[in-house]
Amino acid sequence: MQREEILGWLRQDRPDALERLQKRADRVRRERVGDAVHLRAIVEISNVCARRCAYCGLRGPNSRLPRYCMTAAEVLACARRARRCGLGTVVLQAGESDALCADWISDLIRRIKRETDLAITLSLGERSPEELAAWRRAGADRYLLRFETSNAELLQRVHPPRPDRPERSRLALLGELRSLGYEVGSGCMVGLPGQQLADLADDIALFGELDLDMVGLGPYLAHPDTPMGRNPARYLAASEQVPASVEMCCKALALTRLACPDANIPATTALVTLAPEDGLERGLRWGANVFMPNLTPSEYRASYRIYPGKADCADGDPDALQRRLRRLGRTPGRGRGDSPNWLARRAAPSAANGLRPVA
Ligand code: SAH
Ligand code: SF4
């Protein structure tokens, strides 16, 4: 799908046209990735962060947040629990910090792999190519690194470089991850102050150009202890500011499914936070095929406060989650749930070598 067509859809608000878009995305989702909804256990292993992203409550300068790092034993207990719940993947997510030293992560990956058959997804921010390579060697399968917005000027404003080390762009790191053989995920926020509809169209077109295996997108949710949350007017776009609405997220999800038909796409926690009653169902009807129940131990949950009111995603009652999926005519996925996009690339190694152009 061309960028202009994507932009046209983002501007569209006629209910009959949007219903057509939903049906088309849902059909492509069913044909390409099926009715299974892959469930990933997310474990938020640390909220320590060296960055100063203007939108995120974990940003280093936020002194109101108690900081934690889980122990390896605690993370392993979560991985075992994920396995007992029948989940096939554990996602280890954290702020970006050298407090999580690379060898400790490598060791953790090896221990999870020794004890379980879980696929391991990492979401640890921007780390050096050497660290990413070491974690891949240790057994990590996937990496999630959202580029947040493809508008370089906006990104510079809201995601300033770290003063303590040379900067490597997230797009360059996505190329690195791909050449290391990871299943590669990226994404953006919808409705980030300063993001115009044309930017969001560029983001979605870029998902396709990068040939992503996983794409995560969710609404921007304001956090009062961040510069952006305190003073949104300073950031808002003068025209065609993208609204951080459920409707806009659903449109963006559908267009993402059409741009990346074989990718794994979650109904994100942020979407469920914005629409607690039916965000999961709406996401899954508009193109998503993944959901991430949160298995972070309860004593740490409240401190992983990227944004306020974060939904407690359905870990308490796996049966209730299964019932919700079946009501939609969907089934819980079995096994690792690798992205068909990545499986196809692995089967054709010459394509894997031909890295997509990245900035
Ligand atoms: N530190 C890592 C992973 C944790 S942050 C990283 O930055 O990649 C995970 C994601 O949370 C980010 O990629 C961003 O898209 C999202 N996020 C941060 N602040 C947010 C906010 N206020 N509203 C919605 N999503 C947010
Ligand atoms: Fe840190 Fe990630 Fe939040 Fe940025 S988005 S402040 S890198 S946790």
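Relative contact order for the chain: what percent, with Cα pairs under 8 Å and sequence separation of 6 or more? Working shown, then result.
Details: 676 pairs, mean separation 89.3, N = 359.
In percent, rounded to a whole number, it is 25.
Under a cut-off of 26 Å between alpha-carbon atoms, report the lysines in cross-link reach of residue 310, not counting same-chain residues fewer than 8 places apart.
251
Please say if region 141-268 is rounded, prolate or oblate, where rounded means a/c under 1.5 for a ≥ b ≥ c the square roots of the C-alpha gyration tensor eigenvalues, and otherwise the choice is prolate for a/b larger than b/c and oblate otherwise?
Working: a/c = 1.94, a/b = 1.21, b/c = 1.60.
Verdict is oblate for region 141-268.
Helix hunt in the chain: which complete DSSP H runs extend at least 15 Å axially by C-alpha with mean Kyte-Doolittle at least 0.5? Write down the numbers at each step before the final one.
On the way: long enough: 15-33 (26 Å, -1.60); 72-84 (18 Å, -0.15); 102-115 (20 Å, -0.75); 197-210 (20 Å, 0.96); 246-259 (19 Å, 1.09).
Long hydrophobic helices here: 197-210, 246-259.
Which Rg and Dmax, in Å, describe the Cα atoms of region 95-166?
14.3, 45
When the accessible area of region 159-237 is computed with all protein chains present and a 1.4 Å probe, what percentage of it is carbon and sulfur?
Working: 1390 of 2560 Å².
Percent of accessible area from carbon and sulfur atoms in region 159-237: 54.
Out of all Cα-Cα pairs in the chain, roughly what percent, to the nearest whole number, are more than 29 Å apart? Provide the component values of the computation, followed by the final result.
Details: 22744 of 64261 pairs.
Counting pairs separated by more than 29 Å, the tail of P(r) holds 35 percent.
So for region 1-114, averaging the separation of alpha carbon pairs under 8 Å that are six or more residues apart and normalising by length, what relative contact order in percent results?
29
Below 12 angstrom from the Cβ of residue 72, what's the summed charge of the other residues (Lys, Arg +1; Asp, Glu -1)? Intermediate results must be reported in sequence, preceding the final value.
Details: positive: 110, 111; negative: 74, 103, 107, 115.
Result for the local shell: -2.
When the Debye formula is applied to the Cα atoms of region 167-237, each taken as the same point scatterer, what base-10 log of I(q)/I(0) results at q = 0.12, 0.27 Å⁻¹?
-0.42, -1.17
Nearest 500 deg cm²/dmol is fine: what mean residue ellipticity at 222 nm does the chain get from its DSSP H runs of n ≥ 4 alone, each adding -39,500 (n - 2.57), divided by its residue count?
Working: 16 runs with 154 residues, N = 359.
After summing the helix terms and dividing by the residues of the chain, the value is -12500 deg cm²/dmol.
What is the set of long-range amide H partners of residue 36 at a cut-off below 5 Å, with H atoms built 1.01 Å from backbone N?
Here the answer is 331, since their amide H atoms fall under 5 Å of that of residue 36.
Under a Cβ-only charge scheme (Lys and Arg +1, Asp and Glu -1), can you give me the dipole magnitude of region 1-75 about the Cα centre, in debye to the nearest 20?
Numbers: 16 positive and 10 negative charges, 50 e Å.
In total the dipole reaches around 240 debye.
Accessible area per residue for region 35-165 in Å², computed with a 1.4 Å probe and the full protein assembly in place, what is it?
Values: 4980 Å² over 131 residues.
Result: 38 Å² of accessible area for each residue.
Counting other Cβ atoms within 10 Å, which GluC sites (Glu not before Pro) in region 145-225 have at most 15 and lie in a DSSP loop?
Working: sites: 148, 153, 167, 176, 183, 209; in loops: 167.
Sparse-neighbourhood loop GluC sites (Glu not before Pro): 167.
Sort all Cα-Cα distances of region 4-101 into consecutive 10 angstrom bins from zero, then give the percent of pairs in each bin up to the one containing the longest distance.
Histogramming region 4-101 at 10 Å steps yields 13, 24, 21, 26, 15, 0 percent.
The values are calculated or read from the model by the stated rules, or taken from the named source; none is laboratory data. Everything numeric in this text was worked out from a predicted model, so none of it was measured. Neighbour counts are summed over all protein chains in view; Cβ atoms, including those assigned to glycine, are modelled from backbone coordinates with ideal geometry. Remember, those area values only see protein heavy atoms, side chains included, never the ligands or the DNA or RNA. Shrake-Rupley method; radii C 1.70, N 1.55, O 1.52, S 1.80 Å.
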